[in-house]
Amino acid sequence: MSTWQLLSSFPTAVPTVVLAILLIYWLLSIIGLVDLGDNLELELGHHDLHAGHHDTDVHALAGYLVAMGLGGVPLSIAVTALTFFTWMFTALLHEYLLVWVPTMLLQMLLGAGVLLVAAALSIPVSAQLIKPLRGLFVKHHARSNSSLVGLSCRIVTQSVDEKFGRAEVRDSGASLNIRVWAQTPNALTKNSDAVILAYDEARQQYEVQAVAEKF
């Protein structure tokens, strides 16, 4: 059987068509007509209860792929990996198994089984391929300035007044040195414990108050 006959006959023709569509998608993304940034990342727990029927179907597909160990990457990458390996296994089984089946009807019946087996084999292989890629798609969400409000801090300057002061606050294991101010008179001195009350966007300073003081 020639290569073209193999790729264009059932069951190999099925993943061949899907792979061709995905190839067009990736070519469009390379030239900028498709935004890869809009890809749905495969994570559980992000289902929108008010989404439309199409969005619900996409999220359901994402949930199934995550359950199979294909999470942590954009949906397009997971689907491409699954399709490629399904195509490869189908072509191999078609070439070395189905060609020996005597009748066309039996070839069609066994071809459907070959397609299912190839799809099943592609899952663990794709999962192993995707695993080292997950680190490339980790999203680091930086905290906003206002998110520090309510945290405790330690004063690092000799005093704090309405115009000047600095403090150290620990956020997710990291130590941040921030500009602070406080109403005077106050008991804030170096190494005093304080609490962050608010963030002034215009002044880019945090208002603080000694922990011992009452709000």
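No value in this document is a laboratory result; all are computed from the given coordinates. In this text the structure is predicted, and so the values were computed from the model without any measurement. Here the Cβ positions follow ideal geometry from the backbone for every residue, glycine too, while neighbour counts run over all protein chains shown.
Values for this structure:
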read-out	value
Förster-model FRET efficiency, 41 Å R0, Ser152 and Ala67, C-beta, rounded to 0.05	0.50
Distance between region 172-213 and region 1-19 - C-alpha centres, whole angstrom	68
Prolate/oblate/rounded label for region 145-210 (Cα gyration tensor, a/c 1.5)	oblate
